[in-house]
Structure formats: structure tokens, C-alpha cells
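Take a look at the structure below.
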Amino acid sequence: KPDNVGDDEVLKSAKDEIICALRLEKHKEKDKIINDLLQNGRQSLSNHKVEFAPKVYTAAINENNGQLMKSLKKYLERQWKIKYGSSNQWFKLFLEEYKDAVNYDSVLNRTAEYGHKYLKDCPILSIVLQLLFEGIDDKFFDETNAFNDLWCTITNNGLKSIENFSDNKKQSVLLQALCEYYRPKLFELLEISEIQDEDNLYESALNNVAKYGWLQGLQEVEER
């Protein structure tokens, strides 16, 4: 597909900027360092400190508006749109809409700093939660662990567990993100249980589980 080639090139050029910012063009450990960085964020560079010239390392670790962070955030933004947005048009539109939101840059910074640590096992849901809940700041992650509590609540009990969401548009986005989280887990469970997908049962069950959580959401399946 021509689109895929274009997408790969877009990500490659963003990755090359990161390599350039870290002066790693000719370094033999280049791929290892970059893969660690993209997976675990800027703080992972401390694992490779000896591989850098002191000046380059100090700038990379300390400069929040330096070349590395700019390039890393550019890469992440493109990755979100391509990797998660290409099969979820609603997510692409959601990112566009929230691009100017107060906390958009905070979410990018957090991901650039810590990598997949807070993206959990469903980056789409994590990004949506972090953008929708404007009160979520770094303290939510480090000091109070409140994000973990929010994550556990919503992934066990579904959309209904978030009572303070009266905004229909936000509810709709969050429901779609929850469907992305529950879909692989639920469909695998139904297949293992040898439950046939008759009368659109799988999608109907997915919608219920996303709204009401595992326990209440699976009642319809049991009743059938």
C-alpha cells in the first residue's frame, strides 16, 4: 500500500531527527539506544550514559525544550496518528480537536519522558483519559498514583464508573476508547468459551461491557 510506505517514511524521518539530536549517526549501539528511548522515554538514556559525549548527554537529559525533546515529541505525535489513528478515524479527529488543549503538551511531554510506562496495555485509552481529564497532572502519576486508580476503575467497571462525565461528546469518545481496550480481551474470552457470534452478539456484548464493565456487561451473554 502506498500509504504504508508514506507512513514509514514519515516515522523514519522523525526517528532520524532523534538520532541526529543525540549525535548517534555512526554509533554502533545506535539501534539499541533508540529502541530503548522510544519504548521507555528520555529517562532511559541514563542506562546508556557512557555511550554519549558528556555535553550531549547533559543537554539531552536536562533541556525540556531542546532538540531531543522536540524531535521525540514530533515522533510520538506522528506515531499516534499513524499507528493508532489509521484504523481509528475517530481517534485521529480527537487528537486534532485536542491539539490546542492545555494538557495536550503535558501528555506528549509525559510520554516522551517515560515512554510506555503510563500508556498501559492500551495506548489509545490512556491517551484519551489523559487528554479528557484536564486535572490529571504529573502528581497523578508519581505521588498519588491516582491515574492507576482511575485506570483500574474504568477498565473493570466501564463508562458508568465515571459519574462526572455528562458531556455527550466526551462520553462518546471515551466509550470508543474503552471498546478498543475491551475488544481483544472480550472476543478472546468469548471464543475460548465457544460462544458463537450470532445476531451480532460480540459487538453487542462489547458495547455493554464498555458501558457497564465486566460483571454487568457480560450478563446479556449469559442470558442468551
Quiz prompt | Matching option when the condition is among the aromatic types (Phe, Trp, Tyr) and either in contact with a Pro (Cβ under 9 Å, 6 or more places away or on another chain) or assigned by TED's automatic domain parsing to the domain that holds residue 9 (or both), among 133, 141, 52 | solution = 52
Practice problem: Give me a count of the residues in the range 7-42 that are of a type in the set (Asp, Glu), more than 16 Å from residue 77 (Cα to Cα) and surrounded by fewer than 15 Cβ atoms within 10 Å (Cβ to Cβ). | Solution: 3
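Rundown of residues vs (1) over 30 Å from residue 161 (Cα atoms); (2) of a type in the set (A, V, I, L, M); (3) within 13 Å of the chain's Cα centre (by Cα), yes/no style:
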position: 42; (1), (2), (3): yes, no, no
position: 51; (1), (2), (3): yes, no, no
position: 74; (1), (2), (3): yes, no, no
position: 86; (1), (2), (3): no, no, no
position: 95; (1), (2), (3): no, yes, yes
position: 108; (1), (2), (3): no, yes, yes
position: 133; (1), (2), (3): no, no, no
Practice problem: Just give me the residues in the range 179-224 being aliphatic (A, V, I, L, M) and either surrounded by fewer than 15 Cβ atoms within 10 Å (Cβ to Cβ) or in contact (Cβ under 8 Å) with a residue 12 or more places away in the chain (or both), in sequence order. | Solution: 186, 190, 192, 195, 201, 205, 206, 209, 210, 215, 218, 221
Exercise. Within the range 152-211, track down each residue that is within 30 Å of residue 96 (Cα to Cα), assigned to a helix (DSSP H, G or I) and among the acidic types (Asp, Glu).
Key: 180, 203
Self-check item: Single unsatisfied condition, residue 63 versus (1) of a type in the set (D, E, K, R); (2) more than 21 Å from the chain's Cα centre (by Cα); (3) crowded, with 16+ Cβ neighbours inside 10 Å
Solution: (3)
Self-check item: Lone qualifier among 92, 49 - being surrounded by fewer than 17 Cβ atoms within 10 Å (Cβ to Cβ) and closer than 27 Å to residue 7 by Cβ
Solution: 92
Practice problem: May I ask you to list the residues in the range 212-224 that are of a type in the set (D, E, K, R) and either within 27 Å of residue 132 (Cα to Cα) or part of a helix (DSSP H, G or I) (or both)? | Solution: 220, 222, 223
Quiz item: In the set 96, 113, which member is touching a helix residue (DSSP H, G or I) at 6+ places or on another chain (Cβ under 7 Å) and either among the small types (Gly, Ala, Ser) or assigned to a helix (DSSP H, G or I) (or both)?
Solution: 113
Quiz item: Residue check, residue 136 against (1) part of a helix (DSSP H, G or I); (2) touching a helix residue (DSSP H, G or I) at 6+ places or on another chain (Cβ under 6 Å), all met but one. Which one?
Solution: (1)
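The values are calculated or read from the model by the stated rules, or taken from the named source; none is laboratory data. Bear in mind that the values here come from a model prediction, so they are computed numbers and not experimental data. Every residue, glycine among them, receives a Cβ derived from its backbone with ideal geometry; neighbour counts consider all protein chains shown.
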